[in-house]
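Shown next, in structure tokens, is the structure this report addresses.
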Amino acid sequence: MIEKIDIEAIKTIAMEAGAVIMKVYEREFSVEYKSDSSPLTEADRSSNEVICSRLQEAYPNIPLISEENRQIPYEVRKNWEYCWCVDPLDGTKEFIKRSDEFTVNIALIHQGIPVLGVVYAPAKGDMYWAKRGEGAFKNGTRLPLKNNTNPQEKLVVVASKSHLSQETQSFIDALGAKEIEHISAGSSLKFCMVAEGEADVYPRLAPTMEWDTAAADTIVREAGKMVYEVGSEIPMCYNKEELLNPWFVVR
């Protein structure tokens, strides 16, 4: 199945969604709040409509999980060999703050493993993509761009701008490098910074959902890095019964 998926077509869908998002971003917009108190804007909805319609047109036999769709029971999902996992606007809080650090995330999951991912940051004009066995790329350049050859001396740790928990801070404080540089970023761009080599570690000891991480997880893996559950060597998996992710570390 994956060999039939055209990564260029998925990138085009992400760019189309990004264009819809930017139309909202460049004017005044209202903010609603969902039952879990997370924000929702017209841009989230419009991007979701674009992505879902385009994916269903191009690949009608592949089911889809999206943050903005009604969730499908696990009794149905557990039988899926492949599925899309979509966050039409990751980093809505950053979007509202107009920080430019928000993304469109589109992933393909195969039996729990992310095998294709596109992360597009429309306000920055940056496109990341990866397909299993074919490498990871940023704007056409293969990742990683650089590697830390002396992590015992210095580590660069990236963490959330809007969700830095005390547990995450404690994890950072316990890292063993002589020097730790702490940088912050929004949305799935934190994963991409590790994939690039701009950061060495991204710990997340706070809640996330599968659609927040799946696309960028693919990019991390194809760049030669991995996303592990905290305190283990267990890679993250997807289309679980519970779509809430465990705490994790990207390294």
Item to check | Whichever lysines have a C-alpha closer than 18 Å to that of Lys178, once near sequence neighbours (fewer than 8 apart) are set aside | outcome: Lys154
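Cα-Cα over 28 Å: which of Lys131/Lys240; Lys4/Lys240; Lys93/Lys146? Walk me through the numbers before you get to the answer.
Working: Lys131/Lys240 21 Å; Lys4/Lys240 25 Å; Lys93/Lys146 30 Å.
From Lys131/Lys240; Lys4/Lys240; Lys93/Lys146, over 28 Å: Lys93/Lys146.
Which shape class, rounded, prolate or oblate, goes with region 105-144 when its Cα gyration tensor gives a ≥ b ≥ c as root eigenvalues, a/c under 1.5 marks rounded, and past that a/b bigger than b/c marks prolate?
Numbers: a/c = 4.00, a/b = 1.49, b/c = 2.68.
Here region 105-144 falls in the oblate category.
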Checklist entry - In the chain, if every C-alpha pair distance is counted and binned at 10 Å from zero, what percent goes to each bin? => result 7, 33, 38, 18, 3, 0
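Using only helices, what value at 222 nm comes out for the chain when you add -39,500 (n - 2.57) per DSSP H run of length 4 or more and divide by the total residues, to the nearest 500 deg cm²/dmol? Intermediate results must be reported in sequence, preceding the final value.
On the way: 7 runs with 75 residues, N = 251.
One gets -9000 deg cm²/dmol as the mean residue ellipticity at 222 nm.
Could you tell me what percent of the accessible area of region 1-153 is made up of carbon and sulfur, with a 1.4 Å probe and every protein chain present?
Values: 3500 of 7520 Å².
Whole-percent figure for carbon plus sulfur exposure: 47.
Rounded, prolate or oblate: which fits region 19-112 when a ≥ b ≥ c are the square roots of the eigenvalues of the alpha-carbon gyration tensor, with rounded for a/c under 1.5 and prolate only if a/b beats b/c?
Working: a/c = 2.41, a/b = 1.81, b/c = 1.33.
It comes out prolate by the Cα gyration axes.
Scan region 1-69 for GluC sites (Glu not before Pro) in coil per DSSP, keeping those whose Cβ has at most 11 other Cβ atoms within 10 Å, and list them by number.
Working: sites: Glu3, Glu8, Glu16, Glu26, Glu28, Glu32, Glu42, Glu49, Glu57, Glu67, Glu68; in loops: Glu26, Glu28, Glu67, Glu68.
Taking region 1-69 and a limit of 11 other Cβ atoms within 10 Å, the loop GluC sites (Glu not before Pro) found are Glu26, Glu28.
Considering only DSSP beta bridges whose two residues both sit in the chain, what percent are antiparallel, to the nearest 5?
Given both bridge residues lie in the chain, the antiparallel proportion sits at roughly 75 percent.
Per residue, how much accessible surface does the chain expose to a 1.4 Å probe? Answer in Å², no decimals.
Numbers: 11270 Å² over 251 residues.
Result: 45 Å² of accessible area for each residue.
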Next on the checklist: In whole percent, and with a 1.4 Å probe on the protein chains, what portion of the accessible area of region 171-250 is carbon and sulfur?
Outcome noted: 54 percent
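How would region 133-251 be classified by its alpha-carbon gyration tensor: rounded, prolate or oblate, with rounded meaning a/c under 1.5 and the a/b versus b/c comparison settling the rest?
Values: a/c = 1.61, a/b = 1.04, b/c = 1.55.
Oblate is the answer for region 133-251, as a/c is 1.5 or above yet b/c matches or exceeds a/b.
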Checklist outcome for this item: Treating only Lys and Arg (+1) and Asp and Glu (-1) as charged, each at its beta carbon, one finds that the chain has a dipole about its Cα centre, in Debye to the nearest 20, of 340 debye
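The values are calculated or read from the model by the stated rules, or taken from the named source; none is laboratory data. This is a predicted model, so every value here is computed, not measured. Quick reminder, even Gly has a Cβ in these numbers, built from the backbone with ideal geometry, and neighbours come from all protein chains shown. For accessibility, only protein heavy atoms count, side chains too; no ligands or nucleic acids. Shrake-Rupley method; radii C 1.70, N 1.55, O 1.52, S 1.80 Å.
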